[in-house]
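K.L.:
This structure is in C-alpha cells; I'll ask about it shortly.
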Amino acid sequence: MNVRVIVADDQEIVRTGLRMILDAQPGIEVVGEAADGIAAVELASRLRPDVCLFDIRMPGMDGIEATRRLAGPTVPDPLAVVVITTFDLDEYVYAALRAGARGFLLKDAGPALLAQAVHAAARGDALIAPSVTTRLLRAFADSGPTAAPRQPVEPLTDREEQVLSTVARGRTNSEIADELYISLSTVKTHVASLMAKLGARNRVEIAMWAHETHRIRNH
C-alpha cells in the first residue's frame with residue numbers, strides 16, 4: 001500500500017516539484033496540496049495522510065504551528081510531519097522537532113533522501129538532514145528547557161544505553177543492527193522499550209532525551 005502524502009508550501013513551483021519527485025518514487029502517492037498552514041491543517045485533518053510534508057515559512061500559519069496542531073505533545077492521535085526548508089537554521093530545527101516533527105530536510109536534499117524521509121516518517125522512524133543531525137541534537141542539551149529531564153520509569157539496561165546512543169547519533173535501525181551485531185527485530189524491540197521507559201513518542205524524542213541528559217557528550 002502506498003504511503004499517502006500531503007505537501008504544503010506557499011510556492012506553487014515548489015509544491016509541483018515535490019509532487020513530481022514524490023509521485024515518481026515507488027510506494028509514495030501525493031494525495032493533496034496546500035498553499036498555507038491553515039489550509040494544510042484543515043487538509044491533513046480531513047484526509048489523515050500517512051505523512052505531511054510542510055515548509056516552515058508559510059502565510060497564515062507557519063509550518064511550526066501547523067506541525068504543533070497536528071503532531072504536538074497534546075495531540076491524542078498525532079500525524080507524521082516532515083518539515084522541509086531552504087534554511088539550515090538551528091532555531092527552525094529546534095522548533096520543528098519540539099513541535100512534534102518526525103523529520104527535518106533541506107529542499108536541496110534530493111529525491112532519494114526525500115523519499116527516505118517520507119518512508120521513515122510513515123514507519124514511525126525519524127530522519128533529519130545529515131548535515132544538521134549531530135549538531136542540532138547536541139545543542140538541545142544547551143538550548144532546551146531548563147527543567148530537569150524526566151527520568152525513565154525503569155532503569156535502562158546496558159544494551160538499551162547502547163541503542164540510545166546510536167539513535168541519538170541519527171543511525172537507522174539497519175545501521176544500529178550492523179553496529180551492535182544484533183538483529184533488526186532486536187533493535188526494534190529495544191527502541192520500543194526506550195520509548196516506553198522514556199515516555200517518548202518517536203526516535204527524535206529519544207535522541208533529544210539522550211542529549212539533554214548528556215548521555216553522548218563525547219560524540
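K.L.:
Roll a 1.4 angstrom probe over the protein heavy atoms and tell me the percent of accessible area of the chain that is carbon or sulfur.
P.N.:
Working: 5420 of 10320 Å².
That share works out to 53 percent.
K.L.:
Rounded to the nearest 500, what is the 222 nm mean residue ellipticity of the chain from helices alone, with -39500 (n - 2.57) per DSSP H run of 4+ residues and division by all residues?
P.N.:
The helix contribution divided over the chain gives -15000 deg cm²/dmol.
K.L.:
Pull out the extension gain between E161 and V75, defined as 0.36 nm times the separation in residues minus the alpha carbon to alpha carbon distance; nm, one decimal.
P.N.:
Numbers: separation 86, 0.36 × 86 = 30.96 nm, distance 2.86 nm.
The E161-V75 span can extend by a further 28.1 nm.
K.L.:
A further question follows. Principal axes first, then extents: for the Cα atoms of the chain, list largest minus smallest coordinate on each axis, whole Å, largest first.
P.N.:
49, 37, 31 Å, listed from the longest principal axis down.
K.L.:
Something else: Given contacts defined as C-alpha pairs under 8 Å and at least six residues apart, what's the relative contact order of the chain, whole-number percent?
P.N.:
Reported relative contact order: 15 percent.
K.L.:
Also: Accessible area per residue of the chain at 1.4 Å probe, in Å²?
P.N.:
47 Å²
K.L.:
Right, something else. Considering the Cα positions of region 22-74, please state its Rg to one decimal place and its Dmax as a whole number of Å.
P.N.:
Every Cα atom of region 22-74 included, Rg and Dmax give 11.4, 35 Å.
K.L.:
Comparing I84, I13, I56, which has the greatest mean-square fluctuation in the GNM of the chain with Cα pairs linked when under 10 Å apart?
P.N.:
I13
K.L.:
Right, another one. For region 61-105, max minus min Cα coordinate along each principal axis, in Å, sorted largest first?
P.N.:
Principal-axis extents of the Cα atoms in region 61-105, largest first: 30, 16, 15 Å.
K.L.:
Using a Gaussian network model of the chain whose springs link C-alpha atoms within less than 10 Å, name the residue from R171, R48, R159 with the highest mean-square fluctuation.
P.N.:
With Cα springs under 10 Å in the chain, the top fluctuation among R171, R48, R159 is at R159.
K.L.:
Shifting gears a bit: Dividing the alpha-carbon radius of gyration of region 173-219 by 2.2 N^0.38 Å (N being the number of residues), what value is obtained? Numbers along the way, then the final one.
P.N.:
Values: Rg = 11.3 Å, N = 47, 2.2 N^0.38 = 9.5 Å.
Dividing the Cα radius of gyration by 2.2 N^0.38 Å gives 1.19.
K.L.:
Hey, got the Cα dimensions of region 1-114 along the principal axes, in Å, largest first?
P.N.:
34, 29, 22
The values are calculated or read from the model by the stated rules, or taken from the named source; none is laboratory data. None of the values given here were measured: they were computed from a predicted structure. Accessible surface areas use protein heavy atoms only, side chains included; no ligands, DNA or RNA. Shrake-Rupley method; radii C 1.70, N 1.55, O 1.52, S 1.80 Å.
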